[in-house]
1. If only one of B:GLU113, B:GLU96 is acidic (Asp, Glu) and within 12 Å of chain A (Cβ to nearest Cβ), which one is it?
2. Would you confirm, using the coordinates I've provided, whether A:GLY189 is more than 8 Å from ligand 1 (Cβ to nearest atom) and either more than 8 Å from chain B (Cβ to nearest Cβ) or without any contact (Cβ under 8 Å) to a residue 24 or more places away in the chain (or both)?
3. From B:ILE43, B:ILE23, which residue is under 29 Å from B:PHE140 (Cβ atoms), out of contact with any helix residue (DSSP H, G or I) (no Cβ under 8 Å at 6 or more places or on another chain) and buried (at least 20 other Cβ atoms within 10 Å of the Cβ)?
4. May I ask you to list the residues in the stretch A:195-219 that are at the interface with chain B (Cβ under 10 Å from one of its Cβ atoms), touching a residue at least 24 places away in the same chain (Cβ under 8 Å) and assigned to a loop (DSSP other than H, G, I, E, B)?
5. Looking at the stretch B:64-89, which of the residues that are closer than 20 Å to B:LEU201 by Cβ and either within 16 Å of ligand 1 (Cβ to nearest atom) or among the basic types (Lys, Arg) (or both) is farthest from the chain's Cα centre (by Cα)?
6. Of (1) within 21 Å of A:ARG173 (Cβ to Cβ); (2) away from ligand 2 (no atom under 16 Å from the Cβ); (3) touching a strand residue (DSSP E or B) at 6+ places or on another chain (Cβ under 6 Å), B:THR297 satisfies all except one. Which?
7. Identify, please: which residue in the stretch A:234-253 is without any contact (Cβ under 8 Å) to a residue 40 or more places away in the chain and in contact with a helix residue (DSSP H, G or I) (Cβ under 7 Å, 6 or more places away or on another chain) and is, among those, surrounded by the fewest Cβ atoms within 10 Å (Cβ to Cβ)?
8. I need the full set of residues from the stretch A:192-213 which are more than 9 Å from ligand 1 (Cβ to nearest atom) and under 21 Å from B:CYS269 (Cβ atoms), in order please.
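The values are calculated or read from the model by the stated rules, or taken from the named source; none is laboratory data. No experiment lies behind these values; they were computed from the predicted model shown. Methodologically, a virtual Cβ is constructed for each residue, glycine included, from the backbone with ideal geometry; neighbour enumeration extends over all protein chains shown. Only protein heavy atoms, including side chains, enter the accessible area calculation; ligands, DNA and RNA are left aside. Shrake-Rupley method; radii C 1.70, N 1.55, O 1.52, S 1.80 Å.
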Amino acid sequence: MARAKKPKLAVWKFASCDGCQLSLLDCEDELLAVAANVDIAHFPEATRAVIAGPYDLSLVEGSITTPDDAERIHKIRRRSKRLITIGACATAGGIQALRNFARIDDYINYVYARPEYIDTLAKSTPIHDHVWVDFELRGCPIDRFQLVEVINAFLNERRPNIPRYSQCVECKRSGAVCVMVSRGTLCLGPVTQAGCGNLCPPLGRGCYGCFGPMEAPNTMSLAGWFREKDTSADAVRDLFRTFNAGAAPFRKESEAHEQR
Amino acid sequence: MKPAGSTDPLPAIIDKGGLQVLIDALIGGGFTVIAPRLTDGVIALDTITSVDHLPAGATDEQEAGYYRVHDGGGGRLFDYATTPQGWKRYLYPPEERLWQAKREGAGFAIVEERAPVPRYAFLGVRACDLRAIGILDAVFDHGRSAEPRYVARRDQALIIGVNCTRAGSTCFCTSMGTGPAVGTGADLVLTEFGDDAAPALLVEARSPAGRKVFARLGGRQAAAEDIEAADAAVAKAATMVTRHMATDAAAILKRNLEHREWAKVAQRCLGCANCTLVCPTCFCGSVEDTTDLTGATAARWRRWDSCFTSDFSYIHGGSIRRSGASRYRQWMTHKLSHWWQQFGSSGCVGCGRCITWCPVGIDITEQVRRIKDSEGGPH
Ligand code: SF4
Ligand code: SF4
Ligand code: SF4
């Protein structure tokens, strides 16, 4: 049953790897149903067709890292009724937010042969630092089921079922054995929002924190426990400094273990 | 050992082969047999079809936030304490669709869930876990508010208890009055005793359903010495229990709702919810409505939830329990104190899982003791 007037969907890209947008193409079975229920108006990864705004729903991937992008996001916001950010770059600044802990000129000089061509901001920042965001979908990359759920909830005018509790809840529901307790493996699950689809602990690995901080992350207690178990300060700092390094609770915890 | 009731046959002695006869009889009778099994480096509950699936020779080491399995090398099949999760996940699954609704014109029709529930035989139910099932019964099999699919699973289930002959270091059943000897509610009860390499199993039948299976077991009738040896093995387990819960925990907590210890434990507590999810009596769930993309079908799901999540106490305007301290207090005071008013018992059976599986090793017995000790002297 397709809708009479289909909402217009746009997908926008900022500093990112495209992985999150590709999750939409990865939706396989659901993709056809999504396509039948929305007009995909702007989605460079999937189609060249462009329909001019305004848009009913904009999905924004990537972080703000250049002066141009800091302007562009405002234009997109003005043309979007609803704006949802997707992925760790858009919601926390992404892996490129590691620059926030260093001097940007040092990085530019290491990486580029002609640093003078580079026009970039000193920090990589999430979209919500710049414009009002209606909903944030976490993950590096996002989970395609969660993406479909958010679009589904939007279409059916209901609240999305996207929990904000810890990854541990998913471990226990699935019956996965806790790697912290049964192997002593360092795991960020207790401070990380669930939603990845329970990928790492069932394979015997600790959670890397791809979905960012959970609703009330007690990073200090977890980090303290890691330190008691003979983990070095550098190792604890690095655990919190990955895809969601720029998310405030993870940023503060990593800074607390910085050796000065 | 409980004296055999007048209708109960005298206990029998079987060996490993006899246990296979039991498993075969159960499978032949249409049961899915669930028992402890070595999986992913832990002794967890799983489906078994052979006595060889039981973790022969394995023992476990449990501490606050710590669990390891060791190979003791012997032939004992039940020489360990509690499994990481209890039988709750079979009787009350983590996720269950309750019903669906299909759009029909301007209205909708309800589609009930009618899938038959599995018929389980639980093999190796510990005393604390049997008591936990009794507590879940009080919660779910409760007149008008009964949970029909729980009741259906429970009614069909056959329970083969096992008396503990080794206690783990996080166990505190003795102070909760729940173990190590299996109490009421089991159909059959096993006690493993004797020679480490080839131990014997003493089998008691304790219900009509249990007697029916018992009649097919074979083995030999237990002699007085067997019963004595089995009793001694269980008595030894009781002496191995090192953790204790304050007997007046309910009253202590009730008069200390504003104690400073709540804020202190919240500094350590991660709010991760592991303690509630591994607890064999924690029964909280949330219902979630889903739709298909077109809005033609909706479904209502029930999922395990926890008082440690903020959505759990969300009402119009926000969560009631905003601080970690208030969430921890809710959990512990419900479990140990106002469960009495609600269901007439403690909500804790002393299995120790919340201690072992807390990633930062928070110990419920220790938390009560800290509050209790603070009452003794000046603050
Ligand atoms: S493995 Fe990690 S995420 Fe899973 S329960 Fe243990 S601490 Fe939590
Ligand atoms: S509160 Fe802890 S010790 Fe008590 S029954 Fe629950 S998990 Fe077991
Ligand atoms: S007591 Fe332990 S297991 Fe329970 S929520 Fe707190 S940290 Fe998690």
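1. From the options B:GLU113, B:GLU96, the qualifying one is B:GLU96.
2. For A:GLY189, the condition - more than 8 Å from ligand 1 (Cβ to nearest atom) and either more than 8 Å from chain B (Cβ to nearest Cβ) or without any contact (Cβ under 8 Å) to a residue 24 or more places away in the chain (or both) - is not met.
3. Checking each option against the conditions leaves just B:ILE43.
4. A:GLY204, A:MET214, A:GLU215, A:PRO217, A:ASN218
5. Ranking the qualifying residues of the stretch B:64-89, first place goes to B:ARG76.
6. (1)
7. Looking at the filtered set, the residue picked out is A:ARG237.
8. Correct list: A:GLN193, A:GLY209, A:PHE211, A:GLY212, A:PRO213.
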